[in-house]
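*Asks:* My questions will all concern the structure given below.
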Amino acid sequence: MFYRCESLTNVNLNFDTSKVTLMNSMFYDCKELTNLDLSNFNLEKLENSSNMFDRCSKLSEIIFNNNTVTNNLKEMSYMFRECNKLQYINTKIFKVDKLTNLNGVFENCNSLKEIDLSHFKTENIKELSATFSGCKNLEKIDMSNFETSKLERIDSIFYNCNNLKILNISLINSIMLVKTDSAFNLCKSLTSLDLSSFNFSSVEDANNMFSHCESLEYLALPDQMTSLSDISGMFSYCFNLTSINLGFLENAKKVQNLFNMFYYCNNLIEIEFPYVHIEFLNSSSQMFSDCMEIKRIDLGKLEIKNVSVMSNMFRNCKNLEFLNITNIDMRFVTSYNSIFLGVPKNISIIYDSNKTNKIMEEIIKNQSLVDFYYDQYLFRTYYI
């Protein structure tokens, strides 16, 4: 109705809405609106409110009729997206039990200081993609009442909630959940996260899931995430993690990308992989790059049959003392530049000479690795 009325500053909304079912994109991109009084609106029949206030970037107040409830609401995705000035939203009038997604509902509401979700009935919700993404001023989110048995996606759900300190999230027990990528990316204030009782058995994409969780000191993950395919950047820039239990990777046979997985985890001391068999890996480039405090990396149980890119994999691991890569088949590697750039001179690297096709010798030659010898088990230990 007022779609892209970009110069609209005021609007009189004294009309009957008792039979209205569609209000999607009603005020979309009304950039100059600062407040809206909808206290005369009857929303009983409303079915679709998606993008209703999307990009109302100066809107600081919305007054709803407290005596109305959206009993028939079926769609409200991106309803308040980029309402940058809103500090409060009356969510109590929204009945969400018929919704299947809450995608982007509060995305980039970066002035929002609190949100009440206690009355949300989410038994039919399948997608929570970017629901709170960019809510930079939210310090607490309580989702403990959420029913999550049908969830399929939570990608970017808390992306860039960089002041979020307290997160109460119900048990996620959905065997249909496949996407968790960037779910907690840029949650810079979270210090502890326990997901150990969640069901992530069907999750395929977890890339950048905890990237830039710079204050995170404790992280617990479920025992089994066997469907994983992309875990690139999963823990990158987790500055304060000193250890990570990788038991969740055991028997994860579908992994194709390890790029940047632990990039700049500069307080990690050691890492040990459980048994993981990977038939073909696209990239392990920068996997441990700039993990400057790590002393021991044991990839002996990480069986990779075919890997293409290993460049910068251990770059700037300045305190690395021991590295075991005996089960990584490097015969088909196409890029391995700077793989050991910046590692210390007293490092021991153990590998199977039958799986390198002289690539290690080439790396040693190019990066001035010297004084190597064979041991009795046909593995080689190199001293740099």
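The values are calculated or read from the model by the stated rules, or taken from the named source; none is laboratory data. What you are looking at is a predicted structure, and each value in this text was computed from that prediction instead of being measured. Reconstructed Cβ throughout: ideal geometry from the backbone, glycine too, with neighbour counts over all protein chains shown.
*Asks:* From the list ILE166, ILE125, pick out the single residue that is surrounded by 15 or more Cβ atoms within 10 Å (Cβ to Cβ) and either within 19 Å of SER201 (Cα to Cα) or free of Cβ contacts under 8 Å to residues at least 60 places away in the same chain (or both).
*Replies:* On the way: ILE166 fails: surrounded by 15 or more Cβ atoms within 10 Å (Cβ to Cβ).
Within the list ILE166, ILE125, the selection yields ILE125.
*Asks:* Kindly evaluate ASN101 against the criterion of being more than 24 Å from SER60 (Cα to Cα) and either surrounded by fewer than 22 Cβ atoms within 10 Å (Cβ to Cβ) or of a type in the set (Val, Ile, Thr) (or both).
*Replies:* Details: more than 24 Å from SER60 (Cα to Cα): yes; either surrounded by fewer than 22 Cβ atoms within 10 Å (Cβ to Cβ) or of a type in the set (Val, Ile, Thr) (or both): yes.
Judged against the criteria, ASN101 is a match.
*Asks:* While we're on this one: When you go through SER39, SER57, SER7, SER49 one by one, which is the residue that is among the small types (Gly, Ala, Ser), at pLDDT 95 or above and out of contact with any Leu (no Cβ under 7 Å at 6 or more places or on another chain)? So that I can check it myself, show each step before the final result.
*Replies:* On the way: SER39 fails: at pLDDT 95 or above; SER7 fails: at pLDDT 95 or above; SER49 fails: out of contact with any Leu (no Cβ under 7 Å at 6 or more places or on another chain).
None of the other options fit; the residue is SER57.
*Asks:* Any idea which of SER182, SER149 is at pLDDT 95 or above, of a type in the set (S, T, N, Q) and in contact with an Asp or Glu (Cβ under 8 Å, 6 or more places away or on another chain)? Working first, answer last.
*Replies:* On the way: SER149 fails: at pLDDT 95 or above.
Answer to the check: SER182.
*Asks:* Still on this model: Check GLU250, GLU321 and return the single one that is within 16 Å of ILE231 (Cα to Cα), in contact with a Pro (Cβ under 9 Å, 6 or more places away or on another chain) and surrounded by fewer than 21 Cβ atoms within 10 Å (Cβ to Cβ).
*Replies:* Sole residue among the options that is within 16 Å of ILE231 (Cα to Cα), in contact with a Pro (Cβ under 9 Å, 6 or more places away or on another chain) and surrounded by fewer than 21 Cβ atoms within 10 Å (Cβ to Cβ): GLU250.
*Asks:* Next question, about the same structure. Which residue out of ASP54, ASP37, ASP29 is surrounded by 14 or more Cβ atoms within 10 Å (Cβ to Cβ), of a type outside the set (Gly, Ala, Ser) and outside any loop (DSSP other than H, G, I, E, B)? It would help to see each step written out before you state the result.
*Replies:* Values: ASP54 fails: outside any loop (DSSP other than H, G, I, E, B); ASP29 fails: outside any loop (DSSP other than H, G, I, E, B).
Testing whether each residue is surrounded by 14 or more Cβ atoms within 10 Å (Cβ to Cβ), of a type outside the set (Gly, Ala, Ser) and outside any loop (DSSP other than H, G, I, E, B) leaves just ASP37.
*Asks:* Give segment 299-333 a look and list any residue that's over 12 Å from MET360 (Cα atoms) and either of a type in the set (Phe, Trp, Tyr) or modelled with pLDDT under 90 (or both), or say none.
*Replies:* Within segment 299-333, LYS305, ASN306, PHE314, PHE322, PHE332 qualify.
*Asks:* Out of curiosity, is GLU279 modelled with pLDDT of 95 or more, surrounded by fewer than 24 Cβ atoms within 10 Å (Cβ to Cβ) and not aliphatic (A, V, I, L, M)?
*Replies:* Numbers: modelled with pLDDT of 95 or more: no; surrounded by fewer than 24 Cβ atoms within 10 Å (Cβ to Cβ): yes; not aliphatic (A, V, I, L, M): yes.
No: the conditions fail for GLU279.
*Asks:* Here is a further query. Scan SER182, SER202 and give me the residue that is buried (at least 20 other Cβ atoms within 10 Å of the Cβ), part of a loop (DSSP other than H, G, I, E, B) and out of contact with any strand residue (DSSP E or B) (no Cβ under 6 Å at 6 or more places or on another chain).
*Replies:* Numbers: SER202 fails: buried (at least 20 other Cβ atoms within 10 Å of the Cβ).
It is SER182.
*Asks:* Could you name every one of the strands (runs of 3 or more DSSP E) located completely within segment 293-332 that has at least 1 residues being of a type in the set (Val, Ile, Thr) and touching a strand residue (DSSP E or B) at 6+ places or on another chain (Cβ under 8 Å)? Write out each step before concluding.
*Replies:* Details: elements: 296-298, 302-304, 307-309, 322-324.
Hits in segment 293-332: 296-298, 302-304, 307-309.
*Asks:* Something else: I'd like the full set of residues that are within 26 Å of ILE304 (Cα to Cα) and hydrophobic (A, V, I, L, M, F, W, C), limited to segment 220-240.
*Replies:* Applying the first criterion (within 26 Å of ILE304 (Cα to Cα)) to segment 220-240 yields 220-238.
Scanning segment 220-240 gives ALA220, LEU221, MET225, LEU228, ILE231, MET234, PHE235, CYS238.
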